[in-house]
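Right, one structure below, let's go through it.
The values are calculated or read from the model by the stated rules, or taken from the named source; none is laboratory data. Here the structure is a predicted model, which means the values were calculated and not measured. Quick reminder, even Gly has a Cβ in these numbers, built from the backbone with ideal geometry, and neighbours come from all protein chains shown. The area values use the complete protein model at the heavy-atom level, side chains included, leaving out ligands, DNA and RNA. Shrake-Rupley method; radii C 1.70, N 1.55, O 1.52, S 1.80 Å.
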Amino acid sequence: MLSRVCSAAVNGIDAYPVEVEVNAGYGDTLIVIVGLPDAAVKESRDRVSTAITNSGFKFPMGRTTINLAPADVKKEGPSFDLPIALGVLAASEQIETDQLDNFIAVGELALTGAVRPCKGVLPIAIRARQEGKVGVLVPAENAAEAAVVDGLQVIPVQNLREAAQFLEGEIKIAPTKVDIAKMFDQAHDDDVDFAEVKGQESVKRALEIAAAGGHNVLLIGPPGTGKSMLAKRLPTILPPLTLNEALETTKIHSIVGLLPPGVGLITRRPFRTPHHTASDAGLLGGNINPTPGEISLAHHGVLFLDELPEFKRSVLETMRQPLEDGHVTISRAAGTMTFPAQFMLVAAMNPTPDGKMAGESKSSPREIQNYLSRISGPLLDRIDLHVEVPPVKFREISGDRAGETSAEIRQRVVAARKLQQTRFAHKPKITCNARMGSKELKEFCGLDETTKQLLQNAMADWNLSARAYDRILKMARTIADLAASENLTSDHVSEAIQYRSLDRQIWG
């Protein structure tokens, strides 16, 4: 007898429907899986047959053919265990139900018949809603993740027998519900705060500008000045994630398998800190079958690269295009995938190999130059703010004066972002000032003659590039937004220029 069970698989960050067709026939006992299965899918023959037996059912004798359609797309992972098992039971007439077409089923089976969690449940649930399905049968551990999709019954199943009894109508399982508003209310219960940082007011100001406009930042200073401490607190002053942003971010973490157990939605902006030994595949994504890398896991959040010159130059150079485009395209023999990568880059480095400022360093000029040359000029041009982080003075460390809290700074950042949302309401691809193109710069960053002359002199004195000119205008627009000013003034541009001068002093 032939049966059909609806399932789905993930391709990139989106899911596509998969039909699991099972035919139980006569002949020698044999299980055949076709439809381009990988090793994990092929191994499901033993898992499924054992799980069926240990769940109190009988695996059918004779030839059992399992087809995963569409047959021209490679199927990966153990998430087809549950739909294959249900298809075998339906084909051997051990369950009788008319609900198989109404639900998409995914889940890995243990040998006991228990249903284990799997990756990519959120994009699969989104696809189920697009396909007009009533609901999804998912592992109980993944139920909260799927339940963030409205208009879908999310049925959490603990084991194969429970899934079979639910489909036959013998038992009822209450669909999982989640309170999305409550999830967002808990998003700002942060463990760190800017009030804990002593001194460094100029650096805090630079990070506030970066957060308000979505700009990239390079922090340059000796060890122990608080570069990492400041960077880790940057997400606490960023605007809250919108629901669409949270769904996009959660989808990426879901397909990689990084969602914590029981967490249905990521409501805090990601903060990723890859080690400087990371490869280009680890940073950008890749492998044989392309999967997201660190820059995609930092989507809508912060990517912090500590000890920037210690990263391989070839790895850093691969980031140049994603920094401009907001996405990364990975081409492999298995196919081409495009992953979103709209993140804020925050990098930290020492000014010299031994960590001291240039005038105090014992390194030779050649050693210092070799150290600094690990970072290319084109990459530096894509980093908007270059900020010096000086040593903290004793009176600032020992003082009782408390700095501004993250909540206070975030209020100003959110107000500036709201102005940008209004400004770019008719340009949905532009979410902040840092994403403006040349057309938007002409439209929203007009300068008077005095300010033009100021900027012209700065570019001539410091030999700034055309890309640096654009970055200065974008930063000036953000500084004006923080001041609730409609027009750019010489004060706004002057402050923006100072964040482009440090690289010329150090790199010369």
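Residue by residue through segment 440-469, note down the ones that are over 17 Å from Leu379 (Cα atoms) and of a type in the set (Lys, Arg). Listed by number, the residues that qualify are Lys442, Lys452. Out of Pro239, Pro222, Pro260, one residue alone is under 15 Å from the mean Cα position of the chain (by Cα) and either closer than 29 Å to Met337 by Cβ or open to solvent by less than 50 Å² (accessible area, probe 1.4 Å) (or both). It is Pro260.
When the residues of segment 279-311 are filtered to those that are in a loop (DSSP other than H, G, I, E, B) and open to solvent by less than 20 Å² (accessible area, probe 1.4 Å), which remaining residue is modelled with the lowest pLDDT? Filtering segment 279-311 for residues that are in a loop (DSSP other than H, G, I, E, B) and open to solvent by less than 20 Å² (accessible area, probe 1.4 Å), the one modelled with the lowest pLDDT comes out as Pro290.
Limited to segment 16-56, what total is found for residues that are out of contact with any strand residue (DSSP E or B) (no Cβ under 8 Å at 6 or more places or on another chain), without any contact (Cβ under 8 Å) to a residue 60 or more places away in the chain and closer than 24 Å to Ala163 by Cα? Of the residues in that region, 5 qualify. Applying the condition of being modelled with pLDDT under 90 and in contact with a helix residue (DSSP H, G or I) (Cβ under 8 Å, 6 or more places away or on another chain) to segment 259-278 and asking which residue is farthest from Thr318 (Cα to Cα) yields Gly262. When segment 196-213 is limited to residues that are buried (at least 24 other Cβ atoms within 10 Å of the Cβ) and among the small types (Gly, Ala, Ser), the one that is nearest to Asp384 (Cα to Cα) turns out to be Ala210. Looking for whichever is within 20 Å of Leu297 (Cβ to Cβ), of a type in the set (A, V, I, L, M, F, W, C) and open to solvent by 30 Å² or more (accessible area, probe 1.4 Å) here; the options are Met337, Met344. Which one fits? Exactly one of Met337, Met344 is within 20 Å of Leu297 (Cβ to Cβ), of a type in the set (A, V, I, L, M, F, W, C) and open to solvent by 30 Å² or more (accessible area, probe 1.4 Å), namely Met337. Taking the criterion of being more than 17 Å from Val20 (Cα to Cα), assigned to a loop (DSSP other than H, G, I, E, B) and open to solvent by 30 Å² or more (accessible area, probe 1.4 Å), the only residue of segment 39-56 that qualifies is Gly56. Looking only at segment 60-81, decide whether some residue is in a helix (DSSP H, G or I) and either at pLDDT below 95 or open to solvent by 20 Å² or more (accessible area, probe 1.4 Å) (or both). No, segment 60-81 contains no residue that is in a helix (DSSP H, G or I) and either at pLDDT below 95 or open to solvent by 20 Å² or more (accessible area, probe 1.4 Å) (or both). If you go through segment 394-403 one residue at a time, do you hit one that is in contact with a strand residue (DSSP E or B) (Cβ under 6 Å, 6 or more places away or on another chain), in contact (Cβ under 8 Å) with a residue 12 or more places away in the chain and of a type in the set (Asp, Glu)? For segment 394-403, residues in contact with a strand residue (DSSP E or B) (Cβ under 6 Å, 6 or more places away or on another chain), in contact (Cβ under 8 Å) with a residue 12 or more places away in the chain and of a type in the set (Asp, Glu): absent.
Checked against (1) surrounded by 14 or more Cβ atoms within 10 Å (Cβ to Cβ); (2) out of contact with any Gly (no Cβ under 7 Å at 6 or more places or on another chain); (3) within 22 Å of Leu230 (Cβ to Cβ), Gln411 meets all criteria but (1). Just to confirm my filter: which helices (runs of 4 or more DSSP H) fall fully inside segment 420-508 and include at least 1 residues that are under 28 Å from Pro309 (Cβ atoms) and open to solvent by 40 Å² or more (accessible area, probe 1.4 Å)? Passing ranges, in order: 449-462, 466-482, 490-498, 502-507.
Within this structure, Thr249 passes the test of being out of contact with any Asp or Glu (no Cβ under 9 Å at 6 or more places or on another chain), at pLDDT 90 or above and either among the β-branched types (Val, Ile, Thr) or within 30 Å of Ser376 (Cα to Cα) (or both).
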